[in-house]
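Quick one: the structure is below, questions incoming.
The values are calculated or read from the model by the stated rules, or taken from the named source; none is laboratory data. As the structure is a computational prediction, the values presented were derived from the model and not from experiment. Backbone-built Cβ (ideal geometry, glycine too); neighbour counts: all protein chains shown. Each accessible area value is taken on the protein alone, full model and side chains, heavy atoms only, with ligands, DNA and RNA left out. Shrake-Rupley method; radii C 1.70, N 1.55, O 1.52, S 1.80 Å.
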Amino acid sequence: MAEIRVDGARLWDSLMEMGRIGATPKGGVGRLALTDLDKQARDLFVRWCEAAGCAVRVDRMGNIFARRAGTDDSLAPVMTGSHLDSQPLGGRFDGAYGVLAGLEVVRALNDAGAATRAPLDVVAWTDEEGARFKAGMMGSGVFAGLQDLEAALANPDPDGRTMGAELARIGYAGAEPVGGMEIAAFFEAHIEQGPVLEAEGIPVGVVLGGQGQRCFRVTVTGEEGHAGTLPMDRRKDALLGAARMIAALNGVAFAHEPHPVITVGALQVRPNSPNTIPGQAVFTIDSRHPDDGTLATVAADMRAACEDIAAEAGLEVALEQTTSRGTVAFDETCIAAVRAAAERLGTPHRDIYSGAGHDACNLALIAPTAMIFVPCEKGISHNEAENAKPEDLAAGCDVLLQVMVERAGAAG
Ligand code: HGY
Ligand code: MN
Ligand code: MN
């Protein structure tokens, strides 16, 4: 089976067709989790998997599993996959590449009439991005036992629609239990979402692990008032307080070496009226660092900064932690398999750490796991301009095929 290669043109075409679902004017995609567009993407993926002879099952978190049978289905599956949901102004490759690379492995094995001993599962995990509901990586998080199923299903979007209701609405409230299954190994192919591989002209990244992440929702409460009558020194302006906190958080990042990354990406103001002093402001914090201890210190510093500003401004502030994920080290044998496969294929590669979070970071808690990165143009991601080269996508997919077949065992 070592001689089997993927069909790079077919992979590219599948990515372009998937990228037409939720396409944005500047060439990206906006396909938020559990929207009608996510449903369209899911339906297309399921159609393609069934056409490739896979049996498709869906679990209660809406995770989709497409199984290519092995010759011995009593064996634990070798699993691959990623996510089909995107950022509001995301790219065509973040997530979709890992899902469709898995499908391409199945298609290439079908073309070759090749059988594996263990079955192969290609997975589309629910809501990796967390751009609509409260936290990300929910599908793989519940599957890995990190999050509670019922709490996840009750998770509301800003309009109060829960994940459970939205899964039912789009027809992906599956019957299968979530998790609790043995997995031989999980491999995820993904664009790097950073500049290193492209800058070095290297098509494959052997991912050693990922950094830790802590996210918060910060609610700042003041007092609504009339913009024209209330003197400046008597105001309890929640938005002004939030703005000062956000600036202070930026300072916290530069107070640590190496710097954590701290991002305030979402802000809601109430009542959000030009001539009413804001009584409430809610913003999100996403903080990450390659060292768990530093991440904890950064969290304490951020909390102190917000509370000091609130006390001085006569405001109330509450920080709710919505995500806490430690640094992840992937499985040594899986990492070695990725490296050896790239060697066998004569594909230049280098070890790399992931700055972004991935479903693989959750799967690593319950199964031997590793990732395969490919370059993306200028390292741009979470941006409509996200782009990748067909030859790099194919090179990463060939490595994926090799490691999956090696782990599943060639039959006959
Ligand atoms: O935020 C992340 O790291 C991932 O891209 N959702
Ligand atoms: Mn992703
Ligand atoms: Mn992403």
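Do any cysteines in the chain lack another Cys Cβ under 4.7 Å, and if so which?
Here 215, 306, 334, 361, 376, 397 come out as lacking a disulfide-compatible partner, given the Cβ-Cβ threshold of under 4.7 Å.
Okay, moving on. Looking only at 254, 45, 186, which one moves most when the chain is put into a Gaussian network model with springs between Cα atoms under 10 Å?
Judging by the Gaussian network model, the answer is 254.
Which far-off residues, 5 or more places away or on another chain, put their amide H under 5 Å from the one on residue 188, with H placed in the peptide plane?
370, 371, 372
Right, something else. In the neighborhood of residue 410, defined by Cβ-to-Cβ distances under 13 Å, what is the net charge if each Lys or Arg adds +1 and each Asp or Glu adds -1? Can you show the working numbers first?
Numbers: positive: 117, 407; negative: 3, 72, 406.
So the environment of residue 410 carries a net charge of -1.
Most mobile of 165, 266, 337 per a Gaussian network model of the chain (Cα springs, under 10 Å)?
Its mean-square fluctuation being the largest, the pick is 266.
Still on this model: Counting only protein heavy atoms, what percent of the accessible surface of the range 108-202 is carbon or sulfur at a 1.4 Å probe?
Numbers: 1740 of 3500 Å².
Carbon and sulfur: 50 percent of the exposed surface of the range 108-202.
Next question. Summing -39500 (n - 2.57) over the DSSP H runs of n ≥ 4 in the chain and dividing by its residue number, what mean residue ellipticity at 222 nm do you reach, to the nearest 500 deg cm²/dmol? Don't skip to the end; give the middle numbers.
Values: 12 runs with 145 residues, N = 412.
About -11000 deg cm²/dmol.
Residue 296 to residue 10: FRET efficiency via 1/(1 + (r/R0)^6), r the Cβ-Cβ distance, R0 51 Å, to the nearest 0.05?
Numbers: r = 46 Å, r/R0 = 0.91.
Once rounded, the FRET efficiency stands at 0.65.
If the cut-off is a Cα-Cα distance under 30 Å, which lysines reach residue 236, setting aside same-chain residues fewer than 8 apart in sequence?
134
Would you mind telling me which residue in 193, 321, 268 has the biggest mean-square fluctuation in a Gaussian network model of the chain, where springs connect alpha carbons within a distance under 10 angstrom?
268
Skip the ligands, DNA and RNA, and give the accessible area per residue of the range 212-325 with a 1.4 Å probe, whole Å².
For the range 212-325, the per-residue accessible area is 52 Å².
From the phi of every residue in the range 4-10, what ³J(HN,Hα) in whole Hz does the Karplus formula 6.51 cos²θ - 1.76 cosθ + 1.60 yield, where θ is phi - 60° and glycine or proline is x?
Result, ordered by residue: 5, 10, 6, 9, x, 5, 5 Hz.
Using Cα atoms only, what is the angle between the long axis of helix 332-345 and the major principal axis of the chain, expressed in degrees (0 to 90) to the nearest 10?
That works out to roughly 60 degrees.
Can you compute the charge dipole magnitude of the chain about its Cα centre, using +1 on each Lys and Arg Cβ and -1 on each Asp and Glu Cβ, nothing else charged? Give it in debye, rounded to the nearest 20. List each step's numbers first, then the result.
Values: 35 positive and 56 negative charges, 118 e Å.
In debye, rounded to 20, the chain gives about 560.
Please list, by residue number, everything in the range 235-261 whose backbone N is under 17 Å from a paramagnetic label point 7 Å out along Cα→Cβ of residue 319.
241-257, 260-261
How much accessible surface does residue 381 have with a 1.4 Å probe, in Å² rounded to 10?
Roll a 1.4 Å probe over it and residue 381 shows about 30 Å².
Here's something else I'd like to know. Quickly work out the residue 232-to-residue 340 label distance, labels modelled 7 Å from Cα along the C-beta direction, and quote it in nm with one decimal.
6.9
Given 360, 40, 70, which one lies farthest toward the positive end of the charge dipole of the chain, if we put +1 on the Cβ of every Lys and Arg and -1 on the Cβ of every Asp and Glu?
40
Straight-line reach only, C-alpha to C-alpha below 22 angstrom: list the lysines that residue 378 could link to, leaving out same-chain residues fewer than 8 apart.
26, 389
Taking all protein chains as present, what is the carbon and sulfur share of the accessible area of the range 212-325, in % to the nearest whole number, probe 1.4 Å? Kindly include the intermediate steps, with their values, before the conclusion.
Details: 3000 of 5890 Å².
Carbon plus sulfur share of accessible area: 51 percent.
Then there is this: For the range 212-325, what does the relative contact order come out to in percent, with C-alpha contacts under 8 Å and a separation of six or more? Spell out each step's value before the answer.
Working: 224 pairs, mean separation 52.0, N = 114.
RCO, the range 212-325: 46 percent.
Given the C-alpha centroids of the range 158-200 and the range 299-372, what is the distance between them in whole angstrom?
Result: 16 Å between the Cα centres.
Sticking with this one: Residue 115's amide H: which non-local residues (gap 5+, or another chain) put their own amide H closer than 5 Å, with H modeled 1.01 Å from N in plane and none for Pro or chain starts?
411
Here's another thing I want to ask about it. Where the only charges are on Cβ atoms (+1 Lys, Arg; -1 Asp, Glu), what is the dipole of the range 212-325 about its Cα centre, to the nearest 20 debye? Can you show the working numbers first?
Numbers: 10 positive and 14 negative charges, 60 e Å.
About 280 debye.
Shifting gears a bit: Starting from the 7 Å offset along Cα-to-Cβ, what nm value, one decimal, do you get for the label separation of residue 114 and residue 69?
Rounded to a tenth, the inter-label distance reads 2.1 nm.
Could you run the Debye sum over the Cα atoms of the chain, one equal point scatterer each and no solvent, and tell me log10 of I(q)/I(0) at q = 0.06, 0.07, 0.11 Å⁻¹, two decimals?
Those come out to -0.26, -0.35, -0.80, one per q.
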